[in-house]
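K.L.:
Encoded as structure tokens, here's the structure I'll be asking about.
The values are calculated or read from the model by the stated rules, or taken from the named source; none is laboratory data. Remember, it's a predicted structure, so these values are computed and weren't measured experimentally. Cβ atoms come from the backbone with ideal geometry, glycine included; neighbour counts cover every protein chain shown. These accessible areas exclude ligands, DNA and RNA; they are computed on the full protein's heavy atoms, side chains included. Shrake-Rupley method; radii C 1.70, N 1.55, O 1.52, S 1.80 Å.
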Amino acid sequence: MPRPRERGPWFWRSAIGVMVLSVIGLFSFAAFNAAPALDPENECRMDRNDPAHTILLIDQSDPFSENDLAWVDELIDAEARALPRFGRLTVILPNSAQPYDPKTLYAHCSPGSVEDANPILQNPRMIDDTWREHFYKPLSSTVGETLKTTSQPSSPLFEALYAVGDRADFQSNRSNRRLVIVSDLMQHSDGFSFYRTGTDLEAFNQTSLAGQTPQFDGVDVVARIVPRQEYDLPISELKAFWRSYFDKTGGTFGSTN
């Protein structure tokens with residue numbers, strides 16, 4: 001019976017080489033996927049290199065009904081899940097008292113949803129628990145409680161939009177910017193009011209607000225119109241006005257209803 005051939009030095013050198021390369025590859029993979037330094041207050045990247053930023057501008061003159069709160073919660077859930085890991089989410093409210101200083105209700109970055117989890121280096125269940133407990137639940141409860149109790153005498157939408165366009169974290173050098181407006185789209189402030197002039201674009205162009213058009217080049221703008229039993233103006237006129245307005249800003253405007 002022939003003796004089995006002994007493995008020569010070349011075999012062991014090759015095996016060791018493969019092992020070394022595997023270890024180097026594993027460490028490189030782990031280093032590539034390591035989390036960057038984060039701000040402890042909002043868990044956003046310290047280098048400000050946000051992969052995405054979604055701003056929810058929620059306009060309410062009166063407290064939302066339970067039905068409204070239900071679809072707003074679904075909307076928030078969808079927007080939060082669509083964000084990539086470290087994507088920034090900001091919720092703001094128009095401010096009647098200081099129209100050019102909208103109130104920031106919530107500002108946080110996503111720790112990454114379970115869809116982003118790496119099964120080799122991460123536990124998907126832990127990722128999902130972190131996303132819910134540290135990101136989504138505080139967001140949902142803060143927005144829900146505010147919308148149930150808050151009311152305002154006016155809706156300075158143009159002024160709030162100007163402030164959004166002036167944000168340092170929403171400039172054209174930032175990636176994947178999205179603006180979601182939850183409103184009946186009825187602008188009402190001292191500067192201009194649909195209740196006084198309707199959707200008269202020429203009348204608007206005569207105001208100082210028309211000269212304060214924000215720059216939203218590359219921004220995806222979506223309007224979710226709050227349902228009313230009776231609207232003060234035809235929805236088609238409102239959509240046409242806002243489409244014309246956002247065309248001037250450079251944003252891509254669409255409506256979900």
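K.L.:
Apply the Debye scattering formula to the stretch 52-164, with a single equal point scatterer on each alpha-carbon and no solvent, then give log10 I(q)/I(0) at q = 0.13, 0.14, 0.22 Å⁻¹.
P.N.:
Computed log10 I(q)/I(0) values: -0.53, -0.60, -1.18.
K.L.:
For Phe192, what is the net charge nearby, where nearby means another residue's Cβ is under 13 Å from its Cβ and Lys, Arg count +1, Asp, Glu -1?
P.N.:
Values: positive: Arg196; negative: Glu159, Asp190, Asp200, Glu202.
That sum, taken over residues with Cβ under 13 Å, equals -3.
K.L.:
Can you give me the accessible area per residue for the stretch 178-257, using a 1.4 Å probe, in Å²? List each step's numbers first, then the result.
P.N.:
Details: 3850 Å² over 80 residues.
Ligands and nucleic acids excluded, the figure is 48 Å² per residue.
K.L.:
Near Leu139, within a Cβ-to-Cβ distance under 14 Å, what is the net charge of the other residues, with Lys and Arg +1 and Asp and Glu -1?
P.N.:
On the way: positive: Arg81, Arg88, Arg132, Lys137; negative: Glu43, Asp73, Glu74, Asp77, Glu79, Glu133, Glu145.
Its environment carries a net charge of -3.
K.L.:
Taking the simple approach of a point 7 Å from Cα along Cα-to-Cβ for both Ala82 and Thr104, what is their distance in nm?
P.N.:
Modelled inter-label distance: 2.3 nm.
K.L.:
Tell me, what % of the accessible area of the stretch 188-237 is carbon and sulfur with a 1.4 angstrom probe?
P.N.:
Working: 1220 of 2880 Å².
Of the solvent-accessible surface of the stretch 188-237, carbon and sulfur hold 42 percent.
K.L.:
Please work out the C-alpha center-to-center distance from the stretch 128-147 to the stretch 190-257 and express it in whole Å.
P.N.:
30 Å
K.L.:
What is the sum of charges, Lys and Arg at +1 and Asp and Glu at -1, for the other residues whose Cβ falls under 13 Å from the Cβ of Ala168? Numbers along the way, then the final one.
P.N.:
Working: positive: Arg48, Arg88, Arg167, Arg174, Arg177; negative: Asp50, Asp166, Asp169.
Net local charge, Ala168 excluded: +2.
K.L.:
Next up: Among the aspartates and glutamates, select those whose C-alpha is under 13 Å from the C-alpha of Lys148, and discard any that sit fewer than 8 residues away in the same chain.
P.N.:
Output for Lys148: Asp59, Asp62, Glu66, Asp68, Asp73.
K.L.:
Follow-up question, since we're still on this one. Using r as the Cβ-Cβ distance of Thr252 and Asp128, and R0 as 30 Å, what FRET efficiency do you calculate, to the nearest 0.05?
P.N.:
Working: r = 32 Å, r/R0 = 1.06.
So, using R0 = 30 Å, E works out to roughly 0.40.
K.L.:
If you roll a 1.4 Å probe over the heavy atoms of the protein chains, what accessible area per residue do you get for the stretch 124-177, in Å²? Intermediate values should be presented prior to the final figure.
P.N.:
Details: 2730 Å² over 54 residues.
Computed with neighbouring chains in place, this is 50 Å² per residue.
K.L.:
Equivalent-ellipsoid semi-axes (√(5λ), Cα gyration tensor) for the stretch 142-205, whole Å, largest first? Please list the in-between numbers first.
P.N.:
Details: eigenvalues 112, 80, 19 Å².
Equivalent ellipsoid semi-axes, largest first: 24, 20, 10 Å.
K.L.:
Show His108, His188 ordered by accessible area, largest first, where the area counts protein heavy atoms only and the probe is 1.4 Å.
P.N.:
Details: His108 25, His188 55 Å².
The most accessible residue leads, giving His188, His108.
K.L.:
Relative to the present Cα-Cα distance, how much length would full extension add between Gln215 and Thr150 at 0.36 nm per residue of separation? Spell out each step's value before the answer.
P.N.:
Details: separation 65, 0.36 × 65 = 23.40 nm, distance 2.96 nm.
The span from Gln215 to Thr150 would gain 20.4 nm if fully extended.
K.L.:
Right, another one. Taking the Cα-to-Cβ direction at Ile235 and at Glu66 and moving 7 Å from each Cα, how far apart do the two end points lie in nm?
P.N.:
2.4 nm
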